Amino acid sequence: MLRLGLTGLASLVTTIAPIASLATSLEDYFRAAQQQEQEKEPRDYSFLKHMSLDEFIEKFNKGDTTLPFDSRDVEKEIFRYVNEERRKYGKSKAAWSPELHKAAKKHALYLARYWHDYYEGEDWKRDPHLSLDGKSFGRRAIEAGYKNFALGENIGLCPTALTTPIQFYIINSSAKEIGKSLVKSWMESPGHRRNIIDPYPIGEEDAPTEFGAGYILFKERDGAINEIGVLVVGRSDRDTLGLKPGEKPPKNGKIIIIYTH
């Protein structure tokens, strides 16, 4: 499944990467995926036949282990592929942060709840890195209990033409497939890639050391499934202002890194 993304950096200069253009229409992709699936050994999804889309989405987002895979499985794969990409660039393995995961998952659910305040047609009406009340990803990380420095945030989405749980699992055969596709779309965008590899290209000292990923499904007004993935990037040896232990903010305040989007 082809996935799109937006990125946010916490710095004095805001960077938002453009959404990648679709090489083919979703309908063409859907048909190609169906044809490809017919060549594979069929899987038994009969237990999903009588499950409503609303029930499926609720179970999926909560991490119901009776499903073939759920949101938690996808989040683990996102994290795994983030570290795989970091390894390719010679970066150290990042840690998983429960607090950043909480912030990422909560914001994904928030965007789904207020989707039509943010998105219209094929474009954003407002910056998705800011809550409607103006909170940045840094503030949301603090509210999720994160006591270190939040460096940035990536957001990815995938509108689909899928309308049933069975269709979702036919097209998305595994959590690994989704996680890999989402991270790949971020790595193809300079802004997203910087958040994963090094938001501040001024040395390893300022590279991210931990991540948290959130992934959810929600139902569009036309009844189709939409996907949202959020990755929040952090630095474990800095406080919420980006200062090292014992370091004092400069009196003129000019080099303090501030939260933007």
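All other residues whose Cβ lies under 13 angstrom from that of GLU120 are scored, Lys and Arg at +1 and Asp and Glu at -1, for a net of -1. Spin-label model, TYR118/TYR89: points 7 Å from Cα along the beta carbon direction are separated by 2.3 nm.
Quick check for you: which residues of the range 60-76 have the amide N under 20 Å from the point 7 Å beyond the Cα of ASP44 toward its beta carbon? Within reach of a label on ASP44, which here means backbone N under 20 Å from a point 7 Å along Cα→Cβ, the range 60-76 contributes 65-70. All other residues whose Cβ lies under 10 angstrom from that of HIS107 are scored, Lys and Arg at +1 and Asp and Glu at -1, for a net of +4.
Laboratory data are not the source of any read-out in this text; all were calculated from the coordinates shown. Everything numeric here is computed off the predicted structure, so don't read it as measured data. Note that each Cβ is placed from the backbone with ideal geometry, even for glycine, and that neighbours are counted across all protein chains shown.
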